[in-house]
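Shown next, in structure tokens, is the structure this report addresses.
Taken together, the values in this text are just the output of simple stated rules run on the coordinates, not laboratory data. Please read all numbers here as calculations on a predicted model, not as lab measurements. Methodologically, a virtual Cβ is constructed for each residue, glycine included, from the backbone with ideal geometry; neighbour enumeration extends over all protein chains shown.
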Amino acid sequence: METELFFKQVEKNYIKARASFDALNKEDELDGLYRIYHTSFKMYYEIQGAVTGYLNVLFELTGLPAEELEFGSVDEKLQRSKKHHSSLESKIKQLDLDQIFSRTVLDALNLTFEGNNEELWHEHQLKLSSAIYHATNSVSSIMHVAENYIKENRLPGQDGTLEEYEAICEHVMNFPRYRWTDKDELRKRIENCII
């Protein structure tokens, strides 16, 4: 996503995205981790649901519609990845997110329970664990950058250095490099961005 467009979207969508971010149920992440140790098939839909929740915050922040998270039966929850993978993949491509981030979350969201196979279970839990780690930390970093911009009118690297959360945001959002560019010029480009 172009840097200027991202910050214009932040101006429009921050309040709604912040409310969604604050409403994320951290218990789903913990329950998913517990399910890994418990070797429960619920690991799939608990962790995939949490990852989708973080992606929804990112979608809302950038002006895209969120994905449906509510499913009734266990069977519907287990089939969620098949139903939503193409839609999530399309939105991630539309945002032109970093390849490592995209592949990590999409690989995990595409997994389905295939019975009690210990080797497969281990491989799947590694992918799911990696995806929730990337989603949690990346979206938290992006929201931190958005908050600094909204509350302090502060751009990443404005003081001449990039904090870790700013660097994560820059990489995941696949911003063209602007760290050493003139911040007044960037601000002007953001203000003049046509949406």
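Remark: the Ile100-Ala19 segment gains 26.4 nm on full extension, using 0.36 nm per residue and subtracting the alpha carbon distance.
Highest first, please rank the peptides 18-28, 111-121 by the mean number of other Cβ atoms sitting within 10 Å of their residues. Don't jump to the answer; show the numbers that get you there.
Values: 18-28: 14.4, 111-121: 12.3.
For the peptides 18-28, 111-121, the packing ranking is 18-28, 111-121.
Between Leu155, Leu186, Cys169, the Cα set farthest toward the positive side of the dipole of the chain (charges on each charged residue's Cβ, about the Cα centre) is that of Leu186.
When only Cα pairs below 8 angstrom with a gap of at least 6 residues are kept, region 79-150 shows a relative contact order of 33 percent. Ignoring solvent entirely, what values of log10 I(q)/I(0) come out of the Debye formula for region 3-191 at 0.14, 0.16 Å⁻¹ when each Cα is a single scatterer? Evaluating at q = 0.14, 0.16 Å⁻¹ gives log10 I(q)/I(0) of -0.77, -0.95.
When the helices in the chain are scored as -39500 (n - 2.57) per DSSP H run of 4 or longer and the sum is shared across all residues, what 222 nm value do you end up with, to the nearest 500 deg cm²/dmol? Can you show the working numbers first?
Working: 9 runs with 139 residues, N = 195.
That comes out to -23500 deg cm²/dmol.
Based on C-alpha pairs under 8 angstrom that are at least 6 apart in sequence, the chain has a relative contact order of 28 percent. Label-to-label distance for Leu120 and Asn153 is 5.7 nm, based on points extended 7 Å past Cα in the beta-carbon direction.
Spin-label model, Asn192 to Glu27: label points 7 Å out along the Cα-to-beta-carbon direction sit 5.1 nm apart. Given a cut-off of 30 Å, name the pairs among Lys42/Lys151; Lys26/Lys188; Lys8/Lys93; Lys16/Lys93; Lys8/Lys127; Lys42/Lys91 whose C-alpha atoms lie farther apart than that in the structure shown. Going by Cα-Cα distance, Lys42/Lys151; Lys26/Lys188; Lys8/Lys127 fall outside the 30 Å limit.
Magnitude of the Cβ-charge dipole of region 3-191, K/R +1 and D/E -1, about the Cα centre, nearest 20 debye?
Values: 23 positive and 33 negative charges, 95 e Å.
Magnitude of the dipole: close to 460 debye.
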